[in-house]
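Worksheet: the structure to be examined is printed underneath.
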Amino acid sequence: TNGTLFGKSRRDRFVEKCSKTRICFSLDAATTETYKKIRILDAFDVVCKNLVEYGVSRDKKRHQLWMNNNLNTLNVNEAVGMVEIAAKAEVDYVQFAPTDPCFDEVSGIAVNKENHHSFLRAQEQVLQRGKQLGVCVIIRKPLNLGHGGAWGKKLESSKDSKLYNITF
């Protein structure tokens with residue numbers, strides 16, 4: 001869900017009808033301006049409010065909450081902020097993946113040979129911030145898509161910090 005319609009009354013009905021769930025909010029931003037650029041909607045504050053209210057009020061044994069973020073040149077510098085929002089919302093997992101560059105419509109904002117350093121830096125930063133905040137961060141595939149030789153690199157893992165990294 002993008003979370004825009006997941007206000008209190010809808011959340012209450014959802015929890016009442018569904019005894020065990022996993023819901024994933026797609027955020028892709030840490031600021032209103034970037035959210036509008038990516039999602040077109042002026043709904044960042046509503047989505048964050050719904051995400052946080054649901055996250056802190058839910059029965060965590062029955063209702064899992066994930067947050068998903070696709071990174072591109074519009075939002076790569078906000079990745080740490082996305083982890084901080086995830087922490088505030090008490091999500092079970094926050095996932096990151098690079099925007100797939102195979103479509104012409106997104107090739108100008110996707111990771112490439114010229115900008116891959118920003119994506120690798122963001123990957124390192126979200127893992128570090130997740131560890132600091134006790135947020136479980138999942139990197140679905142290397143954020144630099146292997147540019148610069150990081151494909152196949154085994155990432156550090158630490159269960160003590162609730163940080164789980166994927167080995168590629």
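Over the chain, average the accessible area per residue using a 1.4 Å probe and give it in Å², no decimals.
54
Pop out the ³J(HN,Hα) list for the stretch 95-110 in order, Karplus 6.51 cos²θ - 1.76 cosθ + 1.60 with θ = phi - 60°, rounded to Hz; leave Gly and Pro as x.
10, 10, 8, x, 5, 5, x, 7, 9, 4, 4, 10, 4, x, 10, 7
Got a sec to turn the phi values of the stretch 129-141 into Karplus ³J(HN,Hα) couplings, 6.51 cos²θ - 1.76 cosθ + 1.60 with θ = phi - 60°, whole Hz, x for Gly and Pro?
5, x, 4, 4, 8, x, 9, 7, 9, 10, 9, 5, 7
How large is Rg over Rh for the stretch 83-144, taking Rg from the Cα atoms and Rh as the Kirkwood inverse mean of 1/r across Cα pairs?
Here Rg/Rh amounts to 1.04.
Around Ala89, which amide H atoms from residues at least 5 apart in sequence, or from another chain, sit under 5 Å from its own amide H, with H modelled in the peptide plane?
The answer is none.
In this model, which of Lys37/Lys131; Lys60/Lys131; Lys113/Lys141; Lys88/Lys131; Lys60/Lys88 are farther than 23 Å apart at the alpha-carbon?
Details: Lys37/Lys131 29 Å; Lys60/Lys131 20 Å; Lys113/Lys141 16 Å; Lys88/Lys131 14 Å; Lys60/Lys88 14 Å.
Table pairs above 23 Å Cα-Cα are Lys37/Lys131.
From the helices alone, meaning DSSP H stretches of at least four residues, give me the mean residue ellipticity at 222 nm for the chain, per-run term -39500 (n - 2.57), in deg cm²/dmol to the nearest 500.
-11000 deg cm²/dmol
Between Asp28 and residues 5 or more places away or on another chain, which pairs have amide H atoms under 5 Å apart, with H built 1.01 Å from N, and which residues are they?
When sequence neighbours closer than 5 places are left aside, the close amide H contacts are Asn70.
What is the helix-to-structure angle for 79-88, meaning the angle in degrees between its Cα long axis and the longest Cα principal axis of the chain, kept from 0 to 90 and rounded to the nearest 10?
The answer is roughly 20 degrees.
Percent relative contact order of the chain, based on C-alpha pairs within less than 8 angstrom and at least six residues apart?
19
In terms of solvent-accessible area of protein heavy atoms at a 1.4 angstrom probe, what is the ranking of Asp59, Asp45, highest value first?
Details: Asp59 70, Asp45 110 Å².
The residues order as Asp45, Asp59, largest area first.
Quick one, what does Rg over Rh come out to for the stretch 31-108 if you take C-alpha atoms and the Kirkwood Rh?
1.01
Amide H to amide H, which residues 5 or more places from Thr21 or on other chains are under 5 Å from it, using H placed in the peptide plane?
Excluding prolines and chain starts, which carry no amide H, the hits are His63, Gln64.
Taking only C-alpha pairs under 8 Å that are 6+ residues apart, what is the relative contact order of the stretch 69-156 in percent? Intermediate values should be presented prior to the final figure.
Working: 126 pairs, mean separation 32.3, N = 88.
After rounding, I find 37 percent.
For Cα extents along the principal axes in Å, which listed value, (i) 97, 48, 31; (ii) 49, 38, 23; (iii) 90, 32, 22, comes from the coordinates shown?
Here the calculated entry is (ii).
Carbon and sulfur atoms: what percent of the 1.4 Å accessible area of the chain do they account for?
Working: 4500 of 9040 Å².
About 50 percent, which is the carbon plus sulfur part of the accessible surface.
With a 10 Å radius around each residue's Cβ, average the other Cβ atoms per peptide and rank 129-135, 111-117, highest first.
Going from most to least packed, we get 129-135, 111-117.
Residue by residue, what Karplus-based ³J(HN,Hα) values in Hz, rounded to whole numbers, does the stretch 113-120 have, using 6.51, -1.76 and 1.60 with θ = phi - 60° and x for Gly and Pro?
Whole-Hz 3J(HN,Hα) from phi for the stretch 113-120: 4, 7, 10, 4, 5, 5, 6, 5.
The values are calculated or read from the model by the stated rules, or taken from the named source; none is laboratory data. Every value quoted in this text rests on a predicted model; they were computed, and no experiment measured them. In this analysis, Cβ positions are derived from the backbone assuming ideal geometry, glycine residues included, and neighbour counts consider all displayed protein chains. The accessibility values were calculated without ligands, DNA or RNA, using every heavy atom of the protein model including side chains. Shrake-Rupley method; radii C 1.70, N 1.55, O 1.52, S 1.80 Å.
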